[in-house]
Amino acid sequence: MIATYSRVQWGKVLMVLAAIATAMGFAISSAAPARATDSSHTIIFWAIPAGGGHTQSTAFNGGPQTFYSYGTWGSPPTSSTTLQCGVWYQVDRYHTDTAARSNRLASILSDNHLAAGEDWNGASSATDLFDPWNSTQWTYVYGGDCTTTTSSTTTSTTTSTTSSSTTTTTTTSTTTTPPVDVCSNIDGDQLVVPDGYTLVDGECLVTITSSTTTTTTTTTTTPPVDVCDNLQGVQLVVPEGYTLIDGVCDPLITTTTTTTTTSSTTTTPPVDVCSNLDGDQLVVPEGYTLVDGECLTDVTLDTSSTPTLTEVTLAATGAGGSSGTAAFAVALALGGMGLLLLRRRTSEEI
């Protein structure tokens with residue numbers, strides 16, 4: 001049996017179906033990740049910190065950028081989260097068409113920060129996420145100026161005898177508030193204190209992290225080496241008077257050599273020049289005269305009274321006696337002279 005519906009009933013059915021379809025479409029759109037315009041790219045909004053500019057050469061002057069949200073690529077790109085006013089964002093359209101690139105992006109997002117050059121190797125490679133020279137793969141988006149809205153309501157009432165009316169006028173004024181620079185000592189407007197800085201009396205000072213290094217010195221003492229195991233105490237060197245033999249210090253053996261010198265003496269007996277005198281006479285004693293190997297005294301020779309030439313002459317001429325006596329006298333004189341000459345010769349030889 002087929003039910004018959006009126007136009008009102010069909011209208012209600014269509015409205016219910018439309019509501020169901022709308023809900024299903026919303027659920028599908030909510031379940032789909034708002035992070036890319038296609039399956040091979042991922043769009044990421046990076047918040048540029050204070051001090052950084054919105055150009056390629058200045059975007060990292062304030063330090064690493066912070067992950068803000070995913071988005072959809074377009075002109076301009078759209079963030080999945082409302083952008084903050086007064087903040088510039090770098091929007092990158094990353095290649096995530098391979099597992100290697102997807103893994104690299106996941107590694108970068110693990111600390112929610114992007115450092116300069118972290119997503120690009122400087123040359124075309126299988127893991128490069130984008131080409132920095134291709135302006136269709138990155139851009140900059142401003143979150144807009146921060147504003148303060150003031151609302152005022154004016155009510156006026158007009159009364160007449162014929163009619164009464166009330167007019168309400170609402171006036172909305174928008175005041176643009178410039179960004180607040182929290183670091184008066186750094187060029188540019190710093191909306192927040194940059195990483196690595198500390199706010200002190202309105203100035204951002206570099207945070208200095210001090211580290212203390214403890215140096216531990218280990219001294220190893222090497223015990224002295226005893227070179228003489230057999231002696232008491234530690235002998236660093238071989239003591240004087242010892243010699244080292246196979247680790248044992250033995251006293252030196254002193255060898256005494258006795259040299260006996262035998263002298264042979266030949267004694268020459270003295271020459272006795274006076275064979276007629278007792279003992280050995282090496283020379284003719286004083287008062288003696290050597291005659292034929294015998295030493296005779298002057299008395300024995302009687303040479304003290306030698307005849308003068310006159311006496312000899314007288315004896316020769318015979319004066320004072322007979323001729324025989326004269327001849328004897330001549331002989332005696334001649335003999336005396338001979339003895340005298342013999343004595344002188346002996347004296348010269350001695």
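The values are calculated or read from the model by the stated rules, or taken from the named source; none is laboratory data. Please read these numbers as outputs of a predicted model, since none were measured by experiment. FYI the Cβ positions are ideal-geometry reconstructions off the backbone, even for glycines, and counts take in every protein chain you see. Each accessible area value is taken on the protein alone, full model and side chains, heavy atoms only, with ligands, DNA and RNA left out. Shrake-Rupley method; radii C 1.70, N 1.55, O 1.52, S 1.80 Å.
Data overview
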| quantity | calculated |
| --- | --- |
| Environment charge of Ile48, counting only residues whose C-beta is closer than 13 Å and scoring Lys/Arg +1, Asp/Glu -1 | -3 |
| Listed residues Val182, Val192 arranged by accessible area, highest first, probe 1.4 Å | Val192, Val182 |
| Heavy atoms of Glu118: accessible area, 1.4 Å probe, square angstrom to 10 | 60 |
| Per-residue SASA entry for Leu129, accessible area with 1.4 Å probe, Å² rounded to 10 | 0 |
| Net charge contributed by nearby residues that have their C-beta within less than 13 Å of Pro132 (K/R +1, D/E -1) | -4 |
| Computed E for Tyr70/Thr207 - FRET, C-beta separation, R0 41 angstrom, nearest 0.05 | 0.85 |
| Probe 1.4 Å - accessible area at Met15, Å² to nearest ten | 140 |
| Total formal charge among the other residues, if their Cβ is under 13 angstrom from that of Asp272, Lys/Arg +1 and Asp/Glu -1 | -3 |
